[in-house]
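Trainee: What follows is a structure written as structure tokens; I'll ask about it next.
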Amino acid sequence: LLKEGPRLIFQLPYGEAVEALEAWIRWARRCRLPAFVELQRRIVKHRHAILAAIEHGLSNGRIESVNTKIRLITRIAFGFRSPDALIALAMLNLGGHRPALPGRALPSPP
């Protein structure tokens, strides 16, 4: 329960999350497991940023997704002579522009 507590906090509405975070911090302070004592110290240090992320629904999930896609594109582009090929592949895959391919009809909008 102590391990899964922070995960639950991010799923709660802001008001409940504040209360749950405070309760988890108190619980982690009382436990004698060094890893959780250190984790609660870090959480207390960054409490305002954590609560702001919960309040505003912020996440770095999209950035991590783009970074993973760029790493894959980098592996695909390995062996090209210049970084321009990598940049072109990244722009084609992640830029949102879908050029018409020869012999293929454009899909109709949803």
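The values are calculated or read from the model by the stated rules, or taken from the named source; none is laboratory data. Here the structure is a predicted model, which is why all the values come from computation and not from measurement. Note that we place each Cβ from the backbone using ideal geometry, even for glycine, and neighbour counts take in every protein chain shown. SASA here: full protein model, heavy atoms, side chains in, ligands and nucleic acids out. Shrake-Rupley method; radii C 1.70, N 1.55, O 1.52, S 1.80 Å.
Trainee: Residues that are surrounded by 11 or more Cβ atoms within 10 Å (Cβ to Cβ), modelled with pLDDT under 90 and part of a helix (DSSP H, G or I): does the stretch 94-108 have at least one?
Mentor: yes
Trainee: Residues being open to solvent by 100 Å² or more (accessible area, probe 1.4 Å) and among the charged types (D, E, K, R): count how many of those fall in the stretch 53-68.
Mentor: Residues that pass the stated criteria total 2.
Trainee: Is there any pair linking a residue in the stretch 4-33 that is on the phi < 0 side of the Ramachandran plot and acidic (Asp, Glu) to one that is open to solvent by less than 50 Å² (accessible area, probe 1.4 Å) and modelled with pLDDT under 95, with Cβ under 9 Å and at least six apart or on different chains, and which?
Mentor: Every condition considered, the pairs that remain are GLU16/ILE9; GLU19/LEU12.
Trainee: ILE73 passes all but one of (1) farther than 30 Å from GLY95 by Cβ; (2) of a type outside the set (Gly, Ala, Ser); (3) open to solvent by less than 50 Å² (accessible area, probe 1.4 Å); which number fails?
Mentor: (1)
Trainee: In addition: Take the conditions within 18 Å of the chain's Cα centre (by Cα) and at pLDDT 85 or above and apply them to ALA23. Does it pass?
Mentor: No; evaluated as a whole, the condition is false for this residue.
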